[in-house]
Amino acid sequence: MERLKQSTTDLPSAVWHPFGTQGCKYLRKKWMLISLCALSFLFMYCSKLYKWTSIWEQSETPLKEMTVDELIFSLSWASSPSNFTSFNSSSSAQHSVVRLEQPRPQYCVGDTLNVLVEIRDYAGHPKAYGGDFILARIHSPKLQACASGDVIDLLNGSYRVHFHLFWPGEVQVSVLLIHSSEAVKVLQKDWMKNYNKSMHMGTFRNGKKEEKSQCALRLSSDRPLCQYRKKEDGEYYACYKPHTLPCDSLSIMQSYTHPGPNLTKEEVHLLAQENTGIEIPNSFNPLTVAGCSGAEHRPTEKCVAGMNSPFPGGYFYLNRWSSSSCHADPFLSEDAITSCLKGKILYLLGDSTARQWIEYLVIKLKGLRIVQGSRFHSYLAVDARNNITVRWIKHAHPWLSYFESNIKTSVTVPEVLDSIEAGRGQKDVSVVIGIGQHFRPYPPEVFIRRLQSIRRAILRLHARIPQAVVVIKLENTIELKSEMIRDSNWYGYIQNLAQRKVFERLKVALVDAWDMTVAANTLAVHPNQVIISNQVALSLSYSCH
């Protein structure tokens, strides 16, 4: 080999000889390439044989789960200065104004309409900082059409709102100041640390003997406690130990309103109903939008779990919701819904806004009947002829209700997901998860921990049943007459952002109930049938094409 090297070094560098050094390098590269291909084929074959995770499959796995602290930090809200002096220096909707930004002579369907919201205080002075909570929409009442706007805080007292013009005709702009930045600061301060805005009364039972005791997500340890903890998902609540009965005899939970935090007179005024959700006047008249030729392209891509879900994600027209990101089929008729659900099992997991779905389906589908359950625990509905099964199961504690809740029979969403087995008639499984309303009174870490445990359960479900369709139904807006310190829509907005972050990159579909209810100005904890029917129709578009 050494002699061959010496003989070839005398050749001119521009001359190539097939049996010289250059030729050896060529052969080595060729054999290396062949070997790599063979090894790659062998590795991929073994991956399938032994169910290893390949490099390509790893690149498609969801992002690493964020910690609770990382998620809370990522949800930070622009804060107002700490030197708040009086109510008159807070944001006033009546003194603020909405202006058209760069007005055009003509607006076409498909264009973006930008408006500028200029916030002033009660003395008429421009605000110099952001943090106000604003909801915006466009609407055409005669056309039963509406859509949400995307609000951007410019952090200087002004807000830019982007509206996508989805339909032709006369369009009105409506901007609501839900909370001033000063009111948001009051909510923010209390939300991060107060576990006691809603409390619970626990009933302990053993035979005919019964004792009651106070329960909460956090209790002071000045008295003996019964602590109920799930280490695997961080779930925790406690009750003061009853006098005689054991901790495992806790049977019933019932919530009650606890005296709220000690707010100053100014803070109470900031959160009062008469100062919540006030419309900001426009400096312009309604716009006329033309259906210009070629201006708008409707989405043709089918709705698939895991696809991007923008905000706003669609619009109502003639009371029918159309997605702006995918082609949602109109599952609004009895025949269309029955055809989609035929042979399927649909799980509706969560609060009463998820229960509304099964109540709607039972009314809509003549063959679907509730055969088991109650409004405060679970429902089982069956259509034997079409082999349709729909189950609603309420989520576990915390559950805010003056009605008694059986803690012994309640199950968590992850427990339900883990109970769905592969290969036992579960080929056509769809799951809808809708939680949030019962978590608003508590610090965000409580809700985030629940979301993270659900996230892990979804990954386990997809490992067993890859074709299972999972839909996350975000929170909707609720009444402005609600007690803001406990149930503000600002809490719901932040919790929806948390859901988007926790379930990011998972193979799940989003039904943005917030988007729909802001667009329709449906400020109700239980939205009307128009909203519910369109939520169900959008969800079914991810299951049936």
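The values are calculated or read from the model by the stated rules, or taken from the named source; none is laboratory data. Fair warning: this is a prediction, and the values are worked out from it, not measured in the lab. All Cβ positions, glycine included, derive from the backbone under ideal geometry; neighbour counts span all protein chains shown. Surface accessibility is based on the protein's heavy atoms, side chains included, excluding ligands, DNA and RNA. Shrake-Rupley method; radii C 1.70, N 1.55, O 1.52, S 1.80 Å.
Checking Val502 against (1) surrounded by fewer than 21 Cβ atoms within 10 Å (Cβ to Cβ); (2) closer than 28 Å to Leu332 by Cα, which test does it fail?
Against the list (1) surrounded by fewer than 21 Cβ atoms within 10 Å (Cβ to Cβ); (2) closer than 28 Å to Leu332 by Cα, Val502 comes up short only on (2).
Consider Trp357 carefully, then state whether it is surrounded by 15 or more Cβ atoms within 10 Å (Cβ to Cβ), touching a strand residue (DSSP E or B) at 6+ places or on another chain (Cβ under 6 Å) and at pLDDT below 95.
No.
For segment 385-400, what are the residues that are in a loop (DSSP other than H, G, I, E, B) and more than 16 Å from Leu217 (Cβ to Cβ)?
Residues of segment 385-400 in a loop (DSSP other than H, G, I, E, B): 385-387, 395-400.
Passing the criteria: Arg385, Asn386, Asn387.
Which pairs turn up if I take residues in segment 65-92 that are under 14 Å from Val186 (Cα atoms) and open to solvent by 30 Å² or more (accessible area, probe 1.4 Å) and look for partners that are outside any loop (DSSP other than H, G, I, E, B) and charged (D, E, K, R) with beta carbon separation below 8 Å, at least 6 apart in sequence or on another chain?
Note: pairs meeting the criteria are Ala78/Asp153; Ser79/Lys185; Phe84/Glu182; Phe84/Lys185; Phe84/Glu266; Ser86/Glu266.
Of everything in segment 310-335, what is assigned to a loop (DSSP other than H, G, I, E, B) and either touching a Phe, Trp or Tyr at 6+ places or on another chain (Cβ under 6 Å) or open to solvent by less than 30 Å² (accessible area, probe 1.4 Å) (or both)? Give them in sequence order. Spell out how you get there, then give the answer.
Keep residues of segment 310-335 that are assigned to a loop (DSSP other than H, G, I, E, B), which gives 310-313, 318-319, 324-326, 328-333.
Correct list: Pro312, Gly313, Cys326, Ala328, Phe331.
Here is a yes/no grid of residues against (1) among the β-branched types (Val, Ile, Thr); (2) surrounded by 24 or more Cβ atoms within 10 Å (Cβ to Cβ):
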position: Ala422; (1), (2): no, no
position: Ile435; (1), (2): yes, yes
position: Gln452; (1), (2): no, no
position: Ala457; (1), (2): no, no
position: Glu483; (1), (2): no, no
position: Asn489; (1), (2): no, yes
position: Gln495; (1), (2): no, no
position: Ala498; (1), (2): no, no
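Name the residues in segment 181-212 that are within 29 Å of Phe73 (Cβ to Cβ), of a type in the set (Ser, Thr, Tyr) and either in a strand (DSSP E or B) or open to solvent by 10 Å² or more (accessible area, probe 1.4 Å) (or both), would you?
Step one: list which residues in segment 181-212 are within 29 Å of Phe73 (Cβ to Cβ), which gives 181-199.
This time we only want the ones that are of a type in the set (Ser, Thr, Tyr), so: 181, 195, 198.
Listed by number, the residues that qualify are Tyr195, Ser198.
Residue-by-condition table, conditions (1) in contact with a helix residue (DSSP H, G or I) (Cβ under 6 Å, 6 or more places away or on another chain); (2) free of Cβ contacts under 8 Å to residues at least 40 places away in the same chain; (3) of a type in the set (D, E, K, R); (4) in a loop (DSSP other than H, G, I, E, B):
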residue	(1), (2), (3), (4)
Asp222	no, yes, yes, yes
Tyr236	no, yes, no, no
Asp248	no, yes, yes, no
Ile252	no, no, no, no
Asn262	no, yes, no, yes
Asn285	no, yes, no, yes
Gly306	no, no, no, yes
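Which pairs turn up if I take residues in segment 514-529 that are under 23 Å from Val362 (Cα atoms) and without any contact (Cβ under 8 Å) to a residue 60 or more places away in the chain and look for partners that are of a type in the set (D, E, K, R) and surrounded by fewer than 18 Cβ atoms within 10 Å (Cβ to Cβ) with beta carbon separation below 8 Å, at least 6 apart in sequence or on another chain?
Ala524/Glu479
Quick check on my filter: what residues within segment 470-481 are of a type in the set (D, E, K, R) and crowded, with 16+ Cβ neighbours inside 10 Å?
Lys473, Glu475
Would you please name the residue that is farthest from the chain's Cα centre (by Cα), looking only at residues in segment 127-145 that are over 21 Å from Leu187 (Cα atoms) and open to solvent by 10 Å² or more (accessible area, probe 1.4 Å)?
Among those that are over 21 Å from Leu187 (Cα atoms) and open to solvent by 10 Å² or more (accessible area, probe 1.4 Å), it is Lys142.
Can you name the number of the only condition in (1) under 24 Å from the mean Cα position of the chain (by Cα); (2) surrounded by fewer than 18 Cβ atoms within 10 Å (Cβ to Cβ); (3) aliphatic (A, V, I, L, M) that Leu349 fails?
(2)
Within segment 409-459, track down each residue that is within 21 Å of Tyr379 (Cα to Cα), among the charged types (D, E, K, R) and part of a helix (DSSP H, G or I).
Within segment 409-459, Glu415, Asp418 meet the criteria.
One residue is enough: does segment 461-469 have a residue meeting the conditions under 25 Å from Leu71 (Cβ atoms) and open to solvent by 10 Å² or more (accessible area, probe 1.4 Å)?
yes
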